[in-house]
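**Student:** Quick one: this structure, given as structure tokens, is what I'll be asking you about.
The values are calculated or read from the model by the stated rules, or taken from the named source; none is laboratory data. Note that the coordinates shown come from a computational prediction; the quantities given were computed from them, not determined experimentally. Counting neighbours? That spans all protein chains shown, and the Cβs are built from the backbone with ideal geometry, glycine included. The accessibility values were calculated without ligands, DNA or RNA, using every heavy atom of the protein model including side chains. Shrake-Rupley method; radii C 1.70, N 1.55, O 1.52, S 1.80 Å.
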Amino acid sequence: MPRKKKPILGLDIGSYTIKAVIVSDTKSGIVLKNLGMAVLPPEAIVEGNIVEKEVVISTIKKLVKSIKAKARNASTSISGYSVIIKKINLPRTSREELSETIEVEAEQYIPFDITEVNVDFEILGQAGSSEDLMEVILVAAKKDVIENYIEILSGAGLKPTIIDVDGFALENAFITNYPEAEGTVALIDIGANKLNINVLKSGSSLFTRDAPMGGSRITEEIQETFQVDYQTAEGIKSGGIEVPDKEAVEEIVSRAIENWVAETKRAFDFLAATYPDETLTGIYLSGGSCRFEGLDRYISRETGVPVHYFNPFLKVGIDPKKFDPEYIKYIAPQMAICFGLALRMGEEI
């Protein structure tokens, strides 16, 4: 009889909010146990760099307490400049043999000193029609960034069990909830300070791309334009606070969205050039900055690809007596990475 998987606390530590999810694996499928979100003060985390460690630790502690999380094992993820992801072809060998030589193989693909990074890999299978080559995803993450996140989790009284990558956590969440998805799809997560694109074919990543852009730039421009504080600017951005000049706000939002779409189209141009036989069948949006009215329609119009909002709880059992269905529906796209991290239950580094 297989041993029951031990739940893990999935923590998505963003620069604006920290999200937490715990699920359990039951006979009837994945069930949502707890979830929650806490807002960080501005400048606590800047472009993935943890600036105010004690503030972040305190916020995590309060969040864990508020959702009554019993799980101590925790998984989190990183992205951006500190992570390099490359798909490469190598001579066919076993995983054990490759693990001994991967750092030597990785040096030519990584713009960091190899001593400054942790390297991992996943063998995807045969490379094209060549029986002598295999396709490998190479991942390198800066050690100092990983150590900072481990220190944060430990400081919050948690056991750092897994440090994942945002794009792969998103991928896990998608495969779990959209097993019937066919063809090639793009997962686009728009956070406060980053835009992550992961293009999948049959559940396997073709390529990923991170760009340092997100909803925080909109907040900053609103602050500058209307000479207001951060919280007021956030309220204006979300539509909760009225301003005399609505057109100025709409123009700021439009500029940001145009940049997001331009970055998306560059990624799709790369897809067309690298994989000319692949055609995108769908785009799935997630992240805290994906909710602007009409964003899905605009991206679809500009790319010619159907756009959907990513629901990480689509195939998840949810008790309506414990969780408000309307709230779950609203918050779902924002919890996609976090849910993917929570799926790592039962695993150890």
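**Student:** List the pairs whose first member sits in the stretch 48-65 and is in contact (Cβ under 8 Å) with a residue 60 or more places away in the chain and under 16 Å from L158 (Cα atoms), whose second member is open to solvent by 70 Å² or more (accessible area, probe 1.4 Å) and of a type in the set (V, I, T), and whose Cβ atoms are under 6 Å apart, counting only residues at least 6 apart or on separate chains?
**Tutor:** none
**Student:** Does any residue of the stretch 195-216 turn out to be of a type in the set (D, E) and surrounded by fewer than 21 Cβ atoms within 10 Å (Cβ to Cβ)?
**Tutor:** Checking the stretch 195-216: not a single residue is of a type in the set (D, E) and surrounded by fewer than 21 Cβ atoms within 10 Å (Cβ to Cβ).
**Student:** Further question on the same structure: Can you name every residue in the stretch 8-24 that is over 14 Å from the mean Cα position of the chain (by Cα) and not in a strand (DSSP E or B)?
**Tutor:** Result: I8, single match.
**Student:** Do the conditions hold for K68, that is, is it of a type in the set (K, R) and either free of Cβ contacts under 8 Å to residues at least 24 places away in the same chain or surrounded by fewer than 17 Cβ atoms within 10 Å (Cβ to Cβ) (or both)?
**Tutor:** Spelling it out, K68 is indeed of a type in the set (K, R) and either free of Cβ contacts under 8 Å to residues at least 24 places away in the same chain or surrounded by fewer than 17 Cβ atoms within 10 Å (Cβ to Cβ) (or both).
**Student:** Something else about it: Being within 17 Å of C338 (Cβ to Cβ) and of a type outside the set (G, A, S), is that true of even one residue in the stretch 46-55?
**Tutor:** No, that holds for no residue.
**Student:** Here's another thing I want to ask about it. When residues of the stretch 16-46 are filtered for being out of contact with any strand residue (DSSP E or B) (no Cβ under 9 Å at 6 or more places or on another chain) and surrounded by 15 or more Cβ atoms within 10 Å (Cβ to Cβ), how many remain?
**Tutor:** Looking only at that region, the number is 1.
**Student:** So how many residues does the stretch 71-91 have that are closer than 24 Å to E116 by Cα and open to solvent by 20 Å² or more (accessible area, probe 1.4 Å)?
**Tutor:** Summing the residues that are closer than 24 Å to E116 by Cα and open to solvent by 20 Å² or more (accessible area, probe 1.4 Å) in the stretch 71-91 gives 8.
**Student:** I would also like to ask the following. When the stretch 32-69 is examined, which residues are found to be closer than 14 Å to L9 by Cα, out of contact with any Asp or Glu (no Cβ under 8 Å at 6 or more places or on another chain), among the hydrophobic types (A, V, I, L, M, F, W, C) and in a strand (DSSP E or B)?
**Tutor:** Of everything in the stretch 32-69, those that are closer than 14 Å to L9 by Cα, out of contact with any Asp or Glu (no Cβ under 8 Å at 6 or more places or on another chain), among the hydrophobic types (A, V, I, L, M, F, W, C) and in a strand (DSSP E or B) turn out to be L35, M37.
**Student:** Moving on. Sort out which residues of the stretch 147-158 are open to solvent by less than 20 Å² (accessible area, probe 1.4 Å) and among the hydrophobic types (A, V, I, L, M, F, W, C), and write them in order of number.
**Tutor:** Hits for the stretch 147-158 are I152, L153, A156, L158.
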